1. Roughly what would the spin-label model give for residue 94 and residue 163, points 7 Å off Cα along C-beta, in nm?
2. Compute the length gained on full extension between residue 1 and residue 142: take 0.36 nm times their separation in residues and subtract their Cα-Cα distance, giving the result in nm to one decimal.
3. Once fully extended, how much extra length lies between residue 199 and residue 103, figured as 0.36 nm per residue of separation less the alpha-carbon to alpha-carbon distance?
4. Once the Cα gyration tensor of the range 1-111 is diagonalised, what are the square roots of 5 times its eigenvalues, in whole Å and ordered largest first, as equivalent ellipsoid semi-axes?
5. Fully extended, how many nm does the chain gain between residue 128 and residue 64 (0.36 nm per residue separation, minus their Cα-Cα distance)?
6. Would you mind computing Rg(Cα) / (2.2 N^0.38 Å) for the chain, counting N as its residues?
7. Modelled label-to-label distance, residue 181 and residue 47, 7 Å Cα→beta-carbon offset: nm?
Ligand code: MG
């Protein structure tokens with residue numbers, strides 16, 4: 001099982017970090033050890049002083065495929081969940097400055113938080129999914145799938161040119177603006193269309 005993450009898929013977030021708008025999907029991988037056992041708190045790793053939350057809609061691949069045409073991409077997923085792409089922003093900035101890969105900043109243990117439950121796509125309007133993240137009692141991130149630069153289908157088609165997709169693979173589809181730092185004692189809640197799907201306590 002692999003975890004593929006899309007970077008800079010929402011204009012407002014690309015702008016808040018001062019990044020260029022991509023002309024094709026930018027993606028990177030996390031190892032499967034980035035997913036923690038269910039119900040586990042997230043421990044801030046000692047190698048970073050700036051761990052950021054990024055709430056993202058997550059597509060679960062349901063069928064193996066390679067070189068998937070965009071018009072058939074919908075056949076390769078049935079469910080959407082929500083996750084947090086935890087990022088060591090200080091390390092990432094350093095990697096970016098030095099032209100190095102991001103894995104150290106993106107793939108550490110616990111960096112891929114994922115909802116237990118996924119929602120069948122038939123009960124969602126894929127081009128109009130609201131999602132959000134509340135930190136303690138404050139709404140920090142609010143997004144809608146209609147604002148994605150690259151759609152779920154486009155992302156799947158694009159990635160499958162490079163990597164064979166397998167049933168069970170997860171694709172984190174990018175974060176809207178409002179990313180920020182977590183501190184010990186924080187509690188994060190993530191919602192799809194107003195329904196709480198994921199809660200993470202920071203230790
Ligand atoms: Mg992200």
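1. Here the modelled spin labels are 2.5 nm apart.
2. That pair, residue 1 and residue 142, stretches by 47.9 nm at full extension.
3. Full-extension gain reported as 32.1 nm.
4. Equivalent-ellipsoid dimensions as semi-axes: 25, 19, 13 Å.
5. Gain on extension, residue 128 to residue 64, equals 20.4 nm.
6. Taking the Cα Rg and dividing by 2.2 N^0.38 Å, one obtains 0.95.
7. Taking the simple label geometry, residue 181 and residue 47 are separated by 2.0 nm.
Bear in mind that the values in this text are calculations on the coordinates, not laboratory data. All of these numbers come straight from a predicted model, not from anything done at the bench. Note that we place each Cβ from the backbone using ideal geometry, even for glycine, and neighbour counts take in every protein chain shown.
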